[in-house]
Amino acid sequence: MQAIILAAGEGSRMRPLTAGVPKVMLPIAGRPLLEHIVLRAKEAGIERFVLVVGYGADSVRDHFQDGRSLGVKIEYAHQNEQLGTAHALMAAESLAEGSFMVLNGDVLPDVGALKELAAKGMAVSAIKVDDPGRYGVFLEEDGIFQSVVEKSEDPPSNLANAGIYLFKKWIFDELRVIPKSSRGEYELTDGLNRAAKKEAIEIVELNSWLEIGRPWDILEANLALLAQVEPRILGEVEEGATLKGKISIGRGTVVRSGSYIEGPVMIGQDSEIGPNCYIRPACCIGDNVRIGNAVEIKNSAIMNGTKIGHLSYVGDSIIGQRCNFGAGTICSNLRHDKSNIKSYLKGEKVDSGRRKLGVIMGHGVMTGINTSIYPGTVIDAGYWGRPAEVIRGHISPEMKDNGLL
């Protein structure tokens, strides 16, 4: 079985984390999201892959190369212009085999469902959801796909499209004739609706499903995947440090005396932790990270090269690469009235659905000493703060330059 993974998009709803980094390469529990997808598909028996790349293609190619390091074969197709999911799949037509699986690059499926899907003729995957208005949903009859209805204020079903398909090569004939959608893109689901008129397409329901479509989805994914990671200590843990629960520490990392770490926690390579810091459960800390004295971190993702200075607090937050926290930076994560935190997607204020959410910080951000950051704040890549700032809302570097902060 061959799998084609659609991994060409930026992931605009994941901004500012995707500034210069494609969504599929964002780290989840110590690995790029795309690597988790490849490994799950491999576990389901798939050994040949085509990665459709576009935005940030070099970072994908550099990381995966020919796939040999993962025990699979990887080829690449390039989508020069991102014009929708059908357009992305068309880019891989010359590499597609007679029957192949298609996976979206932002969905982590369960292995059992992938195995079941691979045994079908033509099939699609679905999962029942509580909020179907966020998704395209399937109409079905006796387990056979009838049509897909894209995001609707009044969805006719709660059977969400999970973004995994099993196709035969003639699907490309259908994709070639579909028109652009109202969004100005060629949609794979339009081709799916056409294909259903030619051959019965079975629906396979997933047992579990993780979609990484919003920045705070990284926190949910980390929590789920950390539970599956086997703990290992490859770095140095000084006498006087306390480690409890499932904890992984990479080579070259030093955990200094007085540090207190409660798993599940994953820490990458060549990082420096402590002394006298507190790392609480569900934290994923990358490579070359510095966590200083009297820092507390809880349920957060800290990406490579970031330095969090002493006397700081980071809760329920996603921190990009190469950020630097001035001493005493506090990321608040809870409203006094305990209501859901509002944050921002593509500049629009939205309900995150989370009672606790800290900051979503892009790459290369630097805060001044004694900075306070409101819950749900989004800070674009490259912002440099001043001492004693109070930061809230959606912040861009231009706001400082224009005197708005």
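The values are calculated or read from the model by the stated rules, or taken from the named source; none is laboratory data. Small disclaimer: the values here were computed from a predicted structure and weren't measured. Note that each Cβ is placed from the backbone with ideal geometry, even for glycine, and that neighbours are counted across all protein chains shown. For the accessible areas, the whole protein counts, side chains as well, though only heavy atoms, and no ligand, DNA or RNA atoms are used. Shrake-Rupley method; radii C 1.70, N 1.55, O 1.52, S 1.80 Å.
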(request) Based on the mean of other Cβ atoms within 10 Å per residue, sort peptides 141-149, 2-10 so the most packed one is first. (result) 2-10, 141-149
(message) Over the chain, with the other protein chains present, what is the accessible area per residue in square angstrom, probe 1.4 angstrom?
(response) 42
(request) Show the residues, 5+ positions off or on another chain, whose built amide H is closer than 5 Å to the amide H of I395. (result) V378, I379, D380
(request) Using only the alpha carbons of the chain, determine the length spanned along each of the three principal axes and report them from longest to shortest in whole angstroms. (result) 65, 46, 37
(message) Which one, N276, N161, N207, has the greatest fluctuation when you compute a Gaussian network model over the chain with C-alpha springs under 10 angstrom?
(response) N207
(request) Of the DSSP beta bridges with both residues in the chain, give the percent that are antiparallel, rounding to the nearest 5. (result) 30
(request) Before anything else, pin down the relative contact order of the chain: Cα pairs under 8 Å, at least 6 apart, normalised by residue count, whole percent. (result) 11
(request) Could you tally the net charge around D66, taking each other residue with its Cβ under 13 Å from the Cβ of D66, Lys/Arg +1 and Asp/Glu -1? (result) +1
(request) Could you please report the charge total around A160, scoring K, R as +1 and D, E as -1 over all other residues with beta-carbon less than 11 angstrom from its beta-carbon? (result) -1
(request) Could you tell me what percent of the accessible area of the stretch 14-126 is made up of carbon and sulfur, with a 1.4 Å probe and every protein chain present? (result) 45
(message) Among A88, M361, G105, whose Cα projects farthest towards the positive end of the dipole of the chain, with charges put on the beta-carbon of Lys, Arg (+1) and Asp, Glu (-1)?
(response) M361
(request) Go ahead and set up a Gaussian network model of the chain, Cα springs under 10 Å, then flag whichever of W384, W216, W170 fluctuates most. (result) W170
(request) Could you let me know the centre-to-centre spacing of the stretch 299-313 and the stretch 66-94, using Cα atoms, in angstrom? (result) 34
(request) Name the residue, out of V124, V72, V359, whose mean-square fluctuation peaks in a Gaussian network model built on the chain with Cα pairs under 10 Å. (result) V72
(message) Let me make sure I get this right: for the stretch 283-331, a, b and c are the square roots of the gyration tensor eigenvalues over alpha carbons, sorted descending. Under 1.5 in a/c it's rounded, otherwise prolate if a/b > b/c, else oblate. Which is it?
(response) oblate
(message) Rounded to the nearest 10 Å², what accessible area does T189 have for a 1.4 Å probe in the complete protein model?
(response) 10
(request) Multiply the residue gap between E43 and S208 by 0.36 nm, knock off their C-alpha separation, and tell me the result in nm, one decimal place. (result) 57.9 nm
(request) Lys and Arg at +1, Asp and Glu at -1: add these up for the other residues within a Cβ distance under 13 Å of I247 and post the number. (result) +2
(message) Computing the accessible area with a 1.4 Å probe over protein heavy atoms, can you report the carbon and sulfur percentage for the stretch 130-242?
(response) 43
